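Presented below is the structure to which this report refers.
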Amino acid sequence: MRLTGKAIIAGVMGWPVAHSRSPMLHGFWLESYKIDGAYLPFPVHPENIETALRALPALGIAGVNVTVPHKEAALRICDTVDSTARKIGAVNTIIVEKDGSLSGSNTDAFGFMENLKSESDWRADRRPVLVVGAGGAARAVVSALAEEGVSNIRILNRTKARAEALASDFADRANACDWATLDSSLEDISLLVNTTTLGMSGQPELEIDLTALPRDAIVNDIVYVPLQTKLLQAARGRGNATVDGLGMLLHQARPGFAAWFGHEPDVTPALRNVILADLGA
Ligand code: ATR
């Protein structure tokens, strides 16, 4: 699509930014919907993130995603921040408002829940949910589960202090358990989510014995390289329904695209295939 002088510009700021799939993802949608717009990678050094974000209104840019390592700085810099981003402690989507102010949000929780619901029949009920990990991704996942009404979220992390810190932010809904209780913590759960880097290519596997996992529980790995992690393979092997991590990446991009380019985008098999081909997965 050729750009005109009216083209809407958005993009992603990261350091490095070369690995980001967002330009491909948004570019796919821009082409599909024949929108006069562009979504660009902006390599922004951490020293320059505030200057770069403050320059957005002056440049007439509609907004940006921010990725590693800018998500926490963006939370501090934005003029307004939504409650989910505040709870997660990170901003990943910024909209430049008409008055030039910057509105920050975090769409990872939305992306996680939209993906889970569209790829499985999981619905919150009284059963517990087990979240493995306590990093930034876990924070988004726990926030989404709490928002969905899950009242018993078990958080297990190698470093227990981080699990405790996360659980205390969702005190009435979450509790931290010992890493050593991983296998037995599977009892009675409706959903297991791996938010750690374990199982990612080049990383160690998540060592877990699924014997105690109920047959009707869903297993969701947010790792997407490889798409079928050992955890998902083992879960499928014993008959559990599984959800891979690629959809979260795709769905988290929807709110930004809709806000900047004025079109609600769809996550389709064609989009998945384009990103999968790029991942070499
Ligand atoms: P992100 O923001 O992507 O979630 P992160 O904050 O670096 O990334 O978190 C990575 C998660 O993977 C953490 O829960 C981490 O556990 P620790 O808090 O104990 O570091 C987990 N993780 C990474 N490598 C691990 C390993 N070898 N064994 C167990 N957990 C691991």
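What the table shows:
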| read-out | value |
| --- | --- |
| Listed residues THR197, THR84, THR159, most fluctuating in the chain (Gaussian network, C-alpha, under 10 Å) | THR159 |
| Spin-label model distance (nm) - GLU50 vs GLU207, 7 Å beyond Cα toward Cβ | 4.6 |
| Helix 160-169 vs. the chain, principal-axis angle (Cα, 0 to 90°, nearest 10) | 70 |
| Calculated P(r) tail over 25 Å for the chain, as whole % of Cα pairs | 47 |
| Surface accessible to a 1.4 Å probe, per residue, for the residues of region 1-127, Å² | 51 |
| Under-27-angstrom lysine pairs by C-alpha in the chain, whenever the two are 8 or more apart or on separate chains | 12 |
| Portion, in percent, of the accessible area of the chain that falls on carbon or sulfur, probe 1.4 Å | 51 |
| Added length on full extension, which subtracts the Cα-Cα distance from 0.36 nm per residue, ASN175 to ASN152 | 7.5 nm |
| Å² of accessible area per residue within region 179-281, as computed with a 1.4 Å probe and no ligands counted | 43 |
| On Cα atoms only, tilt of 136-147 relative to the major axis of the chain in degrees | 80 |
| Pair-distance profile P(r), taking every C-alpha pair of region 193-235, with 10 angstrom steps and integer % | 30, 57, 13, 0 |
| Nearest 10 degrees, 0 to 90: helix 108-119 Cα axis against the chain principal axis | 60 |
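The values are calculated or read from the model by the stated rules, or taken from the named source; none is laboratory data. Remember, predicted model here, so these are calculated numbers, not experimental data. No Cβ is skipped: glycine too gets one built from the backbone with ideal geometry, and neighbour counts run over all protein chains shown. SASA here: full protein model, heavy atoms, side chains in, ligands and nucleic acids out. Shrake-Rupley method; radii C 1.70, N 1.55, O 1.52, S 1.80 Å.
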